[in-house]
Amino acid sequence: MKVLVTGAAGFIGARLTEKLLERGDQVIGVDNLNDYYEVSLKLGRLGRFEKHTNFTFRKLDIEDRPVMAELFATVRPDRVVHLAAQAGVRYSLENPHAYIDANIVGTMNVLEGCRHNAVEHLVYASSSSVYGANTRMPFSVHDNVDHPVSLYAATKKANELMAHTYSHLYGLPATGLRFFTVYGPWGRPDMSLFMFTKRILEGQPIDVFNFGKHRRDFTYIDDIVGGVTGCLDKSATANPGWSSDAPDPGTSQAPHRIYNIGNNSPVDLMDFIATLEDCLGVAAKMNMLPLQPGDVPDTYADVTALVEDIGYTPGTPIRQGIENFVSWYKEYYKIP
């Protein structure tokens, strides 16, 4: 199978690419290698598979319409995994236009590429952030998500609406995945585990928002990738029982599905920090701060639909996942 992966140098994209190559797929990876965080880390991820005979890399911006049209017409992938995006809730307060360019315009170009080149199935990244002001736990794909609290979340909700429209108009099978706090080796430097580890080892205090009263459904990278590949292999289908009188947000009369992809087991932030301290053998200094604008106190994924439809089985314990990250971090940054 020929798979186009956007965001192939990103945290999830690189690990997914590695797994697809291991099982024999041909992968065309796309990334613009921007400097939102250290480019060397992105290059390091690519270095794990860039010489693989079934891998081709294209450095480009997904918001560049003519370039994306040429890419799809030339490559003609069987299936697409669209992960490229401007990530981060807090950065969306500083640079909102970056989110419109990458997440809205870029996704539009991907949808058009799929539409005009007979792509069999599009799997695209959404986010747990779309739940916004929702407080009923666990978060369910069958609940309304019309109250985002950050521009990042709003763009991800827009992506879901855009993909559904293309499924309805053009019969494009599309699956949206709401990722829940992904962590593990080769992770993103702007996420809590990476930032906490760096600052603790440097003897610097860590910023603990909402005075530590957070719960997060931390999900290990390999569990995430297992779910993504499972979805990639099973094209989205219409729900024959879908009713316009009582519309289910998670399914459709079009071939479009939405899934939560998380660990289904939220962890208290202070317990998470304590486990990291234990793995590092160093106590953290903490700045206890109020809730950040655009952030939500808790995330908790109901993954029932993903379990039923593709047999999704997240199984990495939080301690094992943190230990794996700490081992990678020390090796990568040559810390004794």
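The values are calculated or read from the model by the stated rules, or taken from the named source; none is laboratory data. Note that the structure is a prediction, hence the values are computed from the model and not measured. Here the Cβ positions follow ideal geometry from the backbone for every residue, glycine too, while neighbour counts run over all protein chains shown. Surface accessibility is based on the protein's heavy atoms, side chains included, excluding ligands, DNA and RNA. Shrake-Rupley method; radii C 1.70, N 1.55, O 1.52, S 1.80 Å.
Hey, can you grab everything whose amide H is under 5 Å from the amide H of His121? Only 5+ residues off in sequence or another chain; H modelled, so Pro and N-termini drop out.
Under 5 Å from the amide H of His121 lie the amide H atoms of Val80, each far enough along the sequence or on another chain.
Quick one: which of 182-194, 103-115 comes out on top by average Cβ neighbours within 10 Å, and what's the full order, highest first?
On the way: 182-194: 19.8, 103-115: 21.8.
Packing proxy ranking, top to bottom: 103-115, 182-194.
Suppose all protein chains stay in the model; what accessible area per residue would a 1.4 Å probe give for the range 170-260, in Å²?
Values: 3330 Å² over 91 residues.
With the other protein chains kept in place, the range 170-260 gives 37 Å² per residue.
Distance between Cα centroids, the range 301-336 to the range 172-204: provide it in whole Å.
11
Residues with amide H under 5 Å of Met286's amide H, sequence separation 5 or more or different chain, H placed in the peptide plane at 1.01 Å from N; which?
The answer is Ile206.
What residues qualify as long-range amide H neighbours of Arg178, i.e. H under 5 Å apart, gap of 5 or more or another chain, H built at 1.01 Å from N?
Result for Arg178 returns Ser126, Tyr259, Asn260, Ile261.
Can you work out ³J(HN,Hα) from phi for every residue in the range 204-210, in order, using Karplus 6.51 cos²θ - 1.76 cosθ + 1.60 and θ = phi - 60°, giving whole Hz and x for Gly and Pro?
Values, residue by residue: 9, x, 9, 8, 10, 7, 6 Hz.
Find the accessible area per residue for the range 1-132; the probe is 1.4 Å, ligands and nucleic acids are left out, and the unit is Å². Before the final figure, lay out each step's value.
Details: 5280 Å² over 132 residues.
Here the per-residue accessible area is 40 Å².
Tell me whether the range 224-336 comes out rounded, prolate or oblate; compute the Cα gyration tensor, take square roots of the eigenvalues as a ≥ b ≥ c, and use a/c under 1.5 as the rounded threshold.
Cα axes put the range 224-336 in the prolate bin.
Give the relative contact order (percent, whole number) for the range 11-112; include only Cα pairs under 8 Å separated by 6+ residues.
Once normalised by length, the contact order is 28 percent.
Could you look at the chain and say what percent of its accessible area is carbon and sulfur, using a 1.4 Å probe and all protein chains?
51
For the range 130-266, what relative contact order do you get, as a whole percent, if you take Cα pairs closer than 8 Å and at least 6 residues apart? All intermediate terms of the calculation are to be shown ahead of the outcome.
On the way: 173 pairs, mean separation 45.7, N = 137.
Once normalised by length, the contact order is 33 percent.
Of all DSSP beta bridges located in the chain, what percent are antiparallel, nearest 5? Display every interim value, and only then the final one.
On the way: 2 of 39 bridges.
DSSP beta bridges in the chain are roughly 5 percent antiparallel.
What accessible area per residue, rounded to a whole number of Å², is obtained for the range 286-336 using a probe radius of 1.4 Å?
Result: 55 Å² of accessible area for each residue.
Provide the packing ranking of 310-320, 208-218, i.e. peptides ordered by the mean count of other C-beta atoms within 10 Å per residue, highest first.
Descending packing order for the listed peptides: 208-218, 310-320.
If you rank Glu18, Glu202, Glu63, Glu331 by how much accessible surface each has, with a 1.4 Å probe, what is the order from largest down?
Glu331, Glu202, Glu63, Glu18
By the scheme Lys and Arg +1, Asp and Glu -1, what is the net charge of all other residues having a beta-carbon under 9 Å from that of Asp101? Walk me through the intermediate numbers first.
Details: positive: none; negative: Asp61, Glu63.
Net charge around Asp101: -2.
With a 1.4 Å probe and all protein chains kept in place, how do Asp245, Asp64 rank by accessible area, largest first?
Ranked list, largest accessible area first: Asp245, Asp64.
Can you pull out the trypsin sites (Lys or Arg not before Pro) in the range 10-80 whose DSSP state is coil and whose Cβ has at most 11 other Cβ atoms within 10 Å?
Of the trypsin sites (Lys or Arg not before Pro), the ones in loops of the range 10-80 whose Cβ has at most 11 other Cβ atoms within 10 Å are Arg23, Lys51.
Any chance you could give the angle, 0 to 90 degrees and rounded to 10, that helix 221-233 forms with the longest Cα principal axis of the chain?
Roughly 10 degrees, rounded to the nearest 10.
Work out, in µm²/s and without decimals, the Stokes-Einstein translational diffusion coefficient of the chain at 37 °C, 0.692 mPa s, Rh from Kirkwood over C-alpha pairs.
162
From Cα pairs below 8 angstrom and at least 6 apart in sequence, can you work out the relative contact order of the chain, rounded to a whole percent?
Numbers: 664 pairs, mean separation 60.4, N = 336.
Relative contact order, the chain: 18 percent.
If you find the alpha carbon centre of the range 21-52 and of the range 108-152, how far apart are they in angstrom?
Here the two parts' Cα centres lie 24 Å apart.
What do you get for the angle between helix 65-75 and the principal long axis of the chain? Use alpha-carbon atoms, 0 to 90 degrees, nearest ten.
Relative to the chain, helix 65-75 is tipped by roughly 70 degrees.
By per-residue mean of other Cβ atoms within 10 Å, what is the highest-first order of 123-134, 276-287?
123-134, 276-287
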